[in-house]
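Since the structure comes first, as structure tokens, the remarks are kept for the end.
The values are calculated or read from the model by the stated rules, or taken from the named source; none is laboratory data. What you are looking at is a predicted structure, and each value in this text was computed from that prediction instead of being measured. Every residue, glycine as well, gets a Cβ built from its backbone with ideal geometry; the counts of neighbours run over all protein chains shown. Quick note on the areas: whole protein, heavy atoms, side chains included, nothing else; ligands and nucleic acids left out. Shrake-Rupley method; radii C 1.70, N 1.55, O 1.52, S 1.80 Å.
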Amino acid sequence: MTNMRGDGSEIRLPFPQPQSPGEIRELAPGLLWLRMPLPLRLNHVNIWLLEEPDGWTAIDTGLHHDATYEIWGKVESELFRGKPLRRLLATHGHTDHCGIASWMVQKFDVPFMTTHTEWLAARVRIIDESRPISERTKHFAQVHDCDYAMVESFIAHRKLMAPMLAEQPRSIVEIREGEALTLGQREWRVMVCGGHADAHASLYCENDGILIAGDQILQRISPMIGVFPDRPRGNPLRDYLGSLPRFLDLPSDLLVLPGHGVPFYGLHVRTQELMQHHEERLADLLAHLDQPRSASSCTRHLFDHAVREGQSRLALAETLAHLNYLVHDGQVQRSFNDDGQLAFIRSDLGT
Ligand SMILES: [Zn+2]
């Protein structure tokens, strides 16, 4: 593995071809990578399996969907081979990462480890998303001047996800920022960061130079940073950008294990790319706000392609994350127009 590491000054992929969905690959002694399929546009999530002297630790689960259960059954019979699962850890509370946590906790009789905030968020999401679209969401769409296609995108998402939600465990073993964990015979330090999720946990093993990054740092796509109807004034982009320097403080030559995509070297390069990506988007948005514009107008400006592909919900959420960042930072003003819709404009041009 060493000869593939490089010096961290560029992105290097030690396993550029991912294995087939449901297949497992050993990355280092006692550290295995399971690529779990997702029946979504983002078609897989990475699960990490850590071998213990007396069993296994699993990190993340996949979502509530037939194939996920089948694959976990296969892992149990072919990989675990009578050695029990000892614990399950979730990096965060999004359903692709902890969707079947409750089933696993019961089936294997194991503790569920995650941050308190992410556990609560996962439980609240199930309550919210198993109900029809709320008045709050309709108001959100109206305030942001969403057209019919955008509203449809919210409804379609609800219909798609509702059957893939399952109960969350009723208790957790809480993990916290800075905590040291021994998992798979390695020592890991917990790094809790916001932005993509409120309290996402990444795990850093200094001795072996490994970072289980989860969705905080992804290899190819940028982690979704979004503002949704439940927290319309939120500023997750501030939390996300605030977290990135922490990854620049880690060694540059770590093997990074992201929640999606393939493992890579080049943590600092990738972190800087993510910073630059958001800075460019903020600059683009500021230039667009030379006159009062709705969030929908900004969404079509930034994400025209995504909107045309039916991804309006996420595109609007990402746009609002950038708009709210600029509003909180004082660079943009927001005000209601006569139609009760929110308009955004650069502060130096506003009233
Ligand atoms: Zn994810």
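Looking for whichever is under 21 Å from the mean Cα position of the chain (by Cα) and open to solvent by less than 30 Å² (accessible area, probe 1.4 Å) here; the options are LEU40, LEU32, LEU85, LEU13. Which one fits? Exactly one of LEU40, LEU32, LEU85, LEU13 is under 21 Å from the mean Cα position of the chain (by Cα) and open to solvent by less than 30 Å² (accessible area, probe 1.4 Å), namely LEU32.
When the residues of segment 182-208 are filtered to those that are over 18 Å from LEU120 (Cβ atoms) and touching a residue at least 60 places away in the same chain (Cβ under 8 Å), the one that is nearest to the ligand (Cβ to nearest atom) is SER202.
For (1) under 19 Å from GLN216 (Cβ atoms); (2) surrounded by fewer than 18 Cβ atoms within 10 Å (Cβ to Cβ), each residue gets a yes or a no:
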position: TRP48; (1), (2): yes, no
position: HIS64; (1), (2): no, no
position: LYS74; (1), (2): no, yes
position: SER77; (1), (2): no, yes
position: GLY93; (1), (2): yes, no
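Can we say ARG170 is farther than 29 Å from GLU273 by Cβ and assigned to a loop (DSSP other than H, G, I, E, B)? It is true that ARG170 is farther than 29 Å from GLU273 by Cβ and assigned to a loop (DSSP other than H, G, I, E, B). Restricting LEU282, LEU320, LEU286 to those that are in contact with a Lys or Arg (Cβ under 9 Å, 6 or more places away or on another chain), assigned to a helix (DSSP H, G or I) and at pLDDT 95 or above reduces the list to LEU286. Report yes if ILE47 is at pLDDT 95 or above and either within 16 Å of the ligand (Cβ to nearest atom) or assigned to a loop (DSSP other than H, G, I, E, B) (or both), otherwise no. So ILE47 fits the description; yes.
Against the condition farther than 30 Å from GLY22 by Cα and either surrounded by 14 or more Cβ atoms within 10 Å (Cβ to Cβ) or touching a Phe, Trp or Tyr at 6+ places or on another chain (Cβ under 9 Å) (or both), how does LEU323 come out, does it pass? Taking the combined requirement at face value, the residue satisfies it.
Scanning segment 62-83 for residues that are more than 23 Å from GLY30 (Cβ to Cβ), within 16 Å of the ligand (Cβ to nearest atom) and not hydrophobic (A, V, I, L, M, F, W, C) yields a total of 3. Checked against (1) within 16 Å of the ligand (Cβ to nearest atom); (2) assigned to a loop (DSSP other than H, G, I, E, B); (3) open to solvent by less than 40 Å² (accessible area, probe 1.4 Å); (4) farther than 30 Å from GLU135 by Cα, GLY178 passes all but condition (1).
For segment 243-264, state whether one or more residues are buried (at least 20 other Cβ atoms within 10 Å of the Cβ), of a type in the set (A, V, I, L, M) and in contact with a Cys (Cβ under 7 Å, 6 or more places away or on another chain). Scanning segment 243-264 turns up no residue that is buried (at least 20 other Cβ atoms within 10 Å of the Cβ), of a type in the set (A, V, I, L, M) and in contact with a Cys (Cβ under 7 Å, 6 or more places away or on another chain).
Applying the condition of being aliphatic (A, V, I, L, M) and part of a loop (DSSP other than H, G, I, E, B) to segment 234-262 and asking which residue is nearest to the ligand (Cβ to nearest atom) yields VAL262.
Just one of the listed residues (ARG136, ARG86) is more than 16 Å from the ligand (Cβ to nearest atom) and free of Cβ contacts under 8 Å to residues at least 40 places away in the same chain, namely ARG86. Answer yes or no: is there a residue in segment 107-123 that is within 16 Å of the ligand (Cβ to nearest atom), farther than 19 Å from THR57 by Cβ and buried (at least 18 other Cβ atoms within 10 Å of the Cβ). Yes; the residues of segment 107-123 include at least one that is within 16 Å of the ligand (Cβ to nearest atom), farther than 19 Å from THR57 by Cβ and buried (at least 18 other Cβ atoms within 10 Å of the Cβ). Look at (1) away from the ligand (no atom under 16 Å from the Cβ); (2) more than 19 Å from GLY195 (Cα to Cα) and you find that LEU282 fails only one, number (2).
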